[in-house]
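Below is one structure, written out as structure tokens; comments come after it.
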Amino acid sequence: MAQYIIPPPPQPALHVHDGGHDGVHGEGTLFPVRRVYCIGQNYAEHTIEMGGDPDKTPPFFFQKNPDNVNTSGRFPYPPQSDDVHFEIEMVVALMRGGRDIVVGDALDYVYGYGIGLDMTRRDLQSLAKKSGRPWEIGKAFEASAPMGALHPVSAVGHLNSGRIALSVNGVIRQQGDLNQMIWKVPEIIAYLSRYYDIAEGDVIMTGTPAGVGAIQQGDALVGEIENLGALAVKVV
Ligand code: MN
């Protein structure tokens, strides 16, 4: 039997908030992460603050690396940037895969929901945009996807409205409602499945409301989504 030359990398995973425990202290069950899809400019006011046109269709996506998923509660300030931004987002975790999924069936593919931060090296992203280059350098870097525990659909149902907010050092900086998403969760899943073989283990970051801004070392970020609790991340 063939052997690995080096040890295979660890499997990225999210904690599951499953009632008996809070999912963040090494107990309970884990959700293995396969891919991390992110939709861009999915709340109209944020689209405008990024210089985009909220009426422009269709949606667009980028990816973070699965090993960028960060459940440590700490975000190390990354190198090569002086303008790192927070973006609070709802995370959707898929328990089934497929192609050409229709909007009406798409929620059947969802395992659960969580809170995530799409940490962004905004200066590098802006440079990439201006040059017509890929966004990875601004989006897919070490620890750039802090995520909290997943809440299964069996516990919280499907979330299509509810407050989403982020505070920095106790001051609210981002605030919106999940019902302000331009592309709704079923539409996002259906759209992605036309371009990719989506699969169990895939997670989707569903976009951020207005108010994104820069962080400093020492900042205490707290993301909140109604029915999903809170995600606290310290910038170190
Ligand atoms: Mn984002």
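Over the Cα atoms of the stretch 158-236, how large are the radius of gyration and the largest Cα-Cα distance (Dmax), in Å?
Calculated on Cα positions, Rg and Dmax stand at 14.8, 42 Å.
Can you give me the Cα centroid spacing of the stretch 48-82 and the stretch 211-236 in angstrom?
Answer, in whole Å: 14.
Using Cα pairs under 8 angstrom and six or more residues apart, how large is the relative contact order of the stretch 152-198, in percent? Present the calculation step by step, with values, prior to reporting the outcome.
On the way: 32 pairs, mean separation 12.9, N = 47.
So the answer I get is 27 percent.
Taking amide H atoms as placed 1.01 Å from N in the peptide plane, list the residues 5 or more away in sequence, or in a different chain, whose amide H sits under 5 Å from that of GLN41.
Distant-sequence amide H within range of GLN41: THR208.
Let me know the charge dipole size of the chain about its Cα centre in debye, to the nearest 20, where only the beta-carbon of Lys, Arg (+1) and Asp, Glu (-1) is charged. Don't skip to the end; give the middle numbers.
Values: 18 positive and 27 negative charges, 97 e Å.
Around 460 debye, computed over the chain.
Taking the convex hull of the Cα atoms, report for the stretch 48-106 its projected area averaged over all directions, in nm². Please report the intermediate quantities before stating the final value.
On the way: hull surface 28.3 nm².
So the mean shadow area of the Cα hull is 7.1 nm².
Quick one: grab the alpha carbon gyration tensor of the chain, order the square roots of its eigenvalues as a ≥ b ≥ c, and give me rounded if a/c is under 1.5, else prolate or oblate depending on whether a/b is larger than b/c.
Values: a/c = 1.18, a/b = 1.10, b/c = 1.08.
Verdict is rounded for the chain.
What residues have an amide H closer than 5 Å to that of THR29, excluding those fewer than 5 places away on the same chain, when H is modeled at 1.01 Å from N in the peptide plane?
Those qualifying (amide H under 5 Å, at least 5 residues apart or on another chain) are VAL16.
If I compute solvent accessible area with a 1.4 Å probe over the protein chains, what percent of it on the stretch 13-235 is carbon and sulfur?
Values: 4810 of 9880 Å².
That fraction is 49 percent.
If amide hydrogens are placed 1.01 Å from N in the peptide plane, which non-local residues have theirs closer than 5 Å to the one on VAL91?
GLY114, ILE115, GLY116
What distance in nm separates the two pseudo spin-label positions at LYS129 and PHE60, each 7 Å out from Cα along the beta-carbon direction?
0.9
Which net charge results when you count Lys and Arg as +1 and Asp and Glu as -1 among the other residues whose beta-carbon is under 15 Å from that of ALA214? Intermediate results must be reported in sequence, preceding the final value.
Working: positive: ARG121, ARG122, ARG173; negative: GLU49, ASP82, ASP83, GLU87, ASP118, ASP123, ASP219.
Computed value for this residue: -4.
Taking only protein heavy atoms into account and a 1.4 Å probe, give the accessible area per residue of the chain in Å². Intermediate values should be presented prior to the final figure.
Details: 11410 Å² over 236 residues.
Using a 1.4 Å probe on heavy atoms only, each residue of the chain averages 48 Å².
For the chain, what is the relative contact order in percent, using Cα pairs closer than 8 Å and at least 6 residues apart in sequence? Let's see the in-between values first.
Working: 557 pairs, mean separation 68.5, N = 236.
Over the chain, the number comes to 29 percent.
For LYS130, list the lysines whose Cα falls under 21 Å from its own Cα; do not include residues on the same chain fewer than 8 positions away.
The qualifying lysines are LYS56, LYS64, LYS139.
The values are calculated or read from the model by the stated rules, or taken from the named source; none is laboratory data. Model, not experiment: these values are computed from the prediction. No Cβ is skipped: glycine too gets one built from the backbone with ideal geometry, and neighbour counts run over all protein chains shown. Calculation scope for accessible area: heavy atoms of the full protein, side chains included, ligands and nucleic acids excluded. Shrake-Rupley method; radii C 1.70, N 1.55, O 1.52, S 1.80 Å.
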